[in-house]
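The values are calculated or read from the model by the stated rules, or taken from the named source; none is laboratory data. As the structure is a prediction and not an experimental result, all values here were calculated from the model. Positions of Cβ are backbone-derived with ideal geometry, glycine not excepted, and every protein chain shown enters the neighbour counts. All accessible areas refer to the heavy atoms of the entire protein, side chains included, with ligands and DNA or RNA removed. Shrake-Rupley method; radii C 1.70, N 1.55, O 1.52, S 1.80 Å.
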Amino acid sequence: MGVYMKRVLTLIFSFFLFSSLFASQRKKAFEISKSEVLQACQRVAGWQLAQPFVGDQWNNNKQNDWIYSTFWTGLIKFHQYKNNDDYLKAMFRMGRLTNWEPMGRPYDANMHLITYTHCELYEITQDPAIIEKSIWMANMPLLRWVDADMHFDGNDYKYEWWTWCDALFMAPPAYARLGALTADNKYFDYMDQQWWNVSDYLYSATDSLYFRDDSYFSKKSKNGQPVFWSRGNGWVLGGLCLVLEQLPSNYPNRYKYEQQFVEMVTKVASIQTEEGFWPTSLLDPEEFPLKETSGTAFFCYAIAWGINHGYLDQHSYMPQLNKAWKSIADAVHPNGMLGNVQLVGDSPVGVSNNDTAPYGPGAFLLAGAELLKLIDNNSERTTGHTVK
């Protein structure tokens, strides 16, 4: 056999070997199929829509409070991927039932999250009635020119300011969305000022995690570590994803959000349990060792979002993403109820398989929608078309 022919055969062999290895790596990268993710999201969304008030321990039936607004945020994101008329009808029904009003208390961050969904629905119809009350509500805090009192513990006015880390999911996405929708920087600027007030007070640069509020500054877990609540930090990472989607690329402080996002995800990924979930007390997995899905779903969402938007290396983070998704998907009951959701609270506690609340499915849908985009992006790169 001539030298030339040997070289040709070597090149052919190398090509097929590389293709085989690449296919093997790609299979390893995506252990979850697109159809499985779609089916899980549809089951979870369907169950929650059929029983919208399950998990509301106060039975206040307020579909525009933070509990349900988190679900609507996840549902609008999943709808934008799946384009399901039933989801859209449900969200417009919610808007009509609540008269397109955020709940009262304009200074309370919890009351603003529904505005994010209002803005997305406004984009569809361009009906000003959908957002006019949200805009009025968002403008109220902008008129108050006094320094924020960031104390939470013992402060009778603690909900007048963003004094707890969950607030960074409740209000900033709404303000960022309004900023993008209206092209008015006042919403970005107010959000930016308040975000870094919270961060300067509650973010531990040493641990790359947020204390839930100042009552946790001196608390220690049973193993002597600081107490960092899983869902609280999940709220923050979810807020970072939604804010960065809206914040202009040339916004002066954008790099600070990007830096904090990468710091937090790097930390979170490093403390994931072998089973794929995150315990309610992040630095003490033995204190409450059972799976908790709402925090885990937010972390799953953040990792998938970070890969999709170029902040995280896919090869490095796919093992954590695969395990995280499998963990929360395994908690979906046959009827579509998402279990292992820590009930309303503000600290690490135990959880059971039958615990659920609407913000859990909301976080699940955020994670699922982002994972589906990631699967599509990889399919397009390798085959030139999207897998249906």
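Results, tabulated for the structure shown:
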{"quantity": "Stretch in the chain that is longest and holds no GluC sites (Glu not before Pro) that DSSP places in a loop and that have at most 16 other beta carbons within 10 Å", "calculated": "32-273"}
{"quantity": "Sparse-neighbour loop sites [trypsin sites (Lys or Arg not before Pro); segment 67-166; at most 12 other C-beta within 10 Å; DSSP]", "calculated": "Arg144"}
{"quantity": "Å² of accessible area per residue within the chain, as computed with a 1.4 Å probe and no ligands counted", "calculated": "43 Å²"}
{"quantity": "GNM flexibility winner over the chain from Lys256, Lys186, Lys326 (Cα, springs under 10 Å)", "calculated": "Lys256"}
{"quantity": "Radius 13 Å from Cβ of Lys222, net charge of other residues (Lys, Arg +1; Asp, Glu -1)", "calculated": "-1"}
{"quantity": "For segment 105-184: relative contact order, % (alpha-carbon pairs under 8 angstrom, 6 or more apart)", "calculated": "45 percent"}
{"quantity": "Interchain or long-range residues, amide H under 5 Å from Leu338's placed H", "calculated": "His333"}
{"quantity": "Net charge dipole size for the chain [Lys, Arg +1 and Asp, Glu -1 on Cβ; Debye, nearest 20]", "calculated": "1540 debye"}
{"quantity": "Segment 232-284, Rg to Rh (Cα coordinates; Rh as Kirkwood inverse mean 1/r)", "calculated": "1.06"}
{"quantity": "Carbon and sulfur %, accessible surface of segment 197-354 computed with the full protein complex present, 1.4 Å", "calculated": "49 percent"}
{"quantity": "Distance histogram in 5 Å bins (all Cα pairs of segment 145-260, percent per bin)", "calculated": "2, 12, 22, 23, 18, 12, 6, 3, 1, 0"}
{"quantity": "P(r) histogram, all alpha-carbon pairs of segment 242-320 included - 5 Å bins from 0, percent", "calculated": "3, 14, 25, 21, 16, 11, 6, 2, 1"}
{"quantity": "Net +/- balance of residues flanking Lys291 in space, Cβ distance below 10 Å, scoring K and R +1, D and E -1", "calculated": "-3"}
{"quantity": "Cleavage-rule hits, chymotrypsin sites (Phe, Trp or Tyr not before Pro), segment 123-171, DSSP coil, Cβ neighbours within 10 Å at most 16", "calculated": "Trp145, Tyr157"}
{"quantity": "Helix-only CD estimate at 222 nm, as mean residue ellipticity for the chain, using -39500 (n - 2.57) per DSSP H run (n ≥ 4)", "calculated": "-19000 deg cm²/dmol"}
{"quantity": "Fluctuation leader among Ile32, Ile303, Ile328 - the chain, Gaussian network, Cα springs under 10 angstrom", "calculated": "Ile32"}
{"quantity": "Stretch gain in nm, segment His333-Asp85, where the contour uses 0.36 nm per residue and the Cα spacing is subtracted", "calculated": "86.8 nm"}
{"quantity": "The chain - percent relative contact order, Cα under 8 Å, separation 6 or more", "calculated": "20 percent"}
{"quantity": "Segment 332-380 - Kirkwood radius from inverse mean 1/r over Cα pairs (Å)", "calculated": "12.4 Å"}
{"quantity": "Rounded accessible area of Thr206 (nearest 10 Å², 1.4 Å probe)", "calculated": "130 Å²"}
{"quantity": "29 Å tail of the calculated P(r), the chain, as % of Cα pairs", "calculated": "42 percent"}
